[in-house]
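First up is the structure itself, then whatever we jot down about it.
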Amino acid sequence: MKVALYVRVSTLEQAEEGYSIGEQKDKLKKYCEIKDWTITKIYSDPGFSGSNINRPSIQQLIKDAGTGLYDAVLVYKLDRLSRSQKDTLYLIEDVFQKNNIHFISLSENFDTSTAFGKAMIGILSVFAQLEREQIKERMMMGKTGRAKAGKITAWSNIPFGYIKDNDTYKIDPLRAGIVKDIYKRYLNGQSITRIYQQLNEEGHIGKDTKWSYRTVRQILDNATYTGMVNYRGKTYQGKHKAIIAKKTFETVQQQLKLRQIEAEKKFYAHPFQSKYMLSGLLKCGYCGSTLAINKSHRKNKEPRWRYNCPVTHSRNHSKTYARRADNCQFKFIYRDVAENIVIDEIRKLSLNPKSVLVQPKQNNKTETVNVEAIKKELLGIKKKQERLVDLYLIADSLSLEELNKRSKELKRQQEALESKLKPVQNENSNIVEFEELLLKAKNIEELNYQQQTHLVRQLIKSIDVTNEELTINWNI
């Protein structure tokens with residue numbers, strides 16, 4: 001009989017004797033020798049959880065099931081195949097039995113070619129899932145216990161102003177001073193936008209990348225600075241020292257809510273004082289001059305406002321509108337026509353924002369960055385960090401010293417990858433704000449003229465106009 005071997009081990013189980021990949025392979029091979037079975041392929045998934053079947057080798061095993069490569073699948077133990085009842089039954093009934101393939105578990109001593117084996121599969125898969133849920137529960141209890149004891153529960157994303165020190169944080173004097181300064185500026189009446197702009201003007205000391213609205217907002221909203229530990233929506237007293245007094249923090253939270261309400265009121269009150277929506281935004285597509293608005297008088301008809309190039313329109317005053325040429329072929333564009341086109345383009349963009357956000361600008365002097373690949377690798381590193389923490393909480397085989405050593409190595413890899421993303425992140429730092437504005441613009445045609453004007457001014461940097469077309473330069 002042609003047999004395929006499947007072996008798997010998760011990070012936690014690597015510490016358990018007898019569950020290593022090598023141990024599983026040796027025992028399965030010896031069993032095949034006794035039975036005189038031919039091993040056609042060995043499928044191995046080292047370091048993968050059995051909670052789902054999103055594993056490379058198990059997916060390949062499924063693909064090969066219909067090729068006739070093997071007649072049976074042999075595993076050391078049922079939970080090596082999966083710890084999920086649903087996935088176990090799917091593999092056995094919808095993959096193996098459908099292709100006349102036997103499933104055999106060495107430790108439980110049964111196979112699906114017998115009625116008893118089929119019945120036992122269902123029973124044991126239930127217990128396999130129960131064990132997984134118990135492990136998960138113990139992990140959660142361990143992390144909750146750490147939080148209640150005031151210990152940190154995350155080994156990455158250390159709050160700005162702190163340094164990780166074993167199970168807690170230690171204050172970084174330089175960066176902690178900047179955190180205090182941010183709270184002071186905000187309580188003195190400065191806006192978040194003005195604060196991050198000033199920090200960047202000062203050289204964003206203590207930070208590798210530029211400050212943004214989001215980073216300042218997160219600092220103002222992080223209870224960790226009051227000496228607390230957050231875990232799963234609950235706050236516990238931490239072992240680390242506070243940078244910000246609780247009373248100050250609470251006052252800031254009240255101010256954040258009040259200013260948000262005030263900002264929303266201002267947005268829909270008198271957002272912009274300009275008389276015309278596109279004044280100053282329209283540029284001549286031929287000479288680059290700012291278009292001027294004039295009233296067009298028509299015989300026996302209502303006059304219409306239209307935009308002309310100051311170079312070609314004699315009634316325009318050079319002191320009011322900048323002229324960049326002595327002659328120009330631009331004719332004119334009616335105000336209502338231009339405004340309707342712009343409103344329509346904004347509405348269409350709000351329905352498909354990726355049409356202008358999909359391609360980040362690349363600096364020719366820097367290497368091409370595969371953002372998706374780097375993000376995928378960072379996600380993998382994060383999972384490894386979580387596995388290390390789980391291993392430390394449950395198993396006795398990993399010391400705190402070894403945990404810190406492995407954690408530092410993963411942190412070094414993480415920082416190296418993040419450094420490659422920084423140019424792309426800096427270049428698109430205002431994309432989030434732009435997308436938030438587009439959400440407000442979905443029903444732009446229902447807003448009044450002043451509200452529409454305010455949105456247009458925020459979304460658009462300039463508009464190039466020729467006799468044939470109108471090109472919008474978005475503010476991103």
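A few notes on this one:
- Taking Tyr449, Tyr276, Tyr307, Tyr183 and counting other C-beta atoms within 10 Å, the order from fewest to most: Tyr449, Tyr276, Tyr183, Tyr307
- Among Tyr76, Tyr162, the ranking by other beta carbons within 10 Å of each residue's beta carbon, starting with the fewest, stands as Tyr162, Tyr76.
- For a straight C-alpha distance cut-off of 24 angstrom, the lysines reachable from Lys283 (same-chain residues fewer than eight places away being disregarded) are Lys275, Lys295, Lys319, Lys331, Lys348, Lys361, Lys461.
- Set Lys2/Lys376; Lys170/Lys210; Lys375/Lys405; Lys148/Lys382; Lys180/Lys382; Lys143/Lys384 screened for pairs whose C-alpha atoms are more than 26 Å apart: Lys2/Lys376; Lys180/Lys382
- Local net charge near Lys376, Cβ-Cβ under 14 Å (Lys/Arg +1, Asp/Glu -1): +2
- Gyration tensor verdict on the range 38-110 (Cα atoms; rounded if a/c is under 1.5, prolate if a/b is larger than b/c, oblate otherwise): rounded
- When the range 1-116 is described by a simple charge dipole with +1 on each Lys and Arg Cβ and -1 on each Asp and Glu Cβ, the residue from Met1, Gly66, Gly22 located farthest towards its positive end is Gly66.
- Counted by neighbouring Cβ atoms within 10 Å, the residues Glu469, Glu345, Glu402 run from fewest to most as Glu469, Glu402, Glu345.
The numbers here are math on the coordinates, done by the rules we state, and not lab data. Everything numeric here is computed off the predicted structure, so don't read it as measured data. Neighbour counts run over all protein chains shown; Cβ positions are idealised from the backbone, glycine included.
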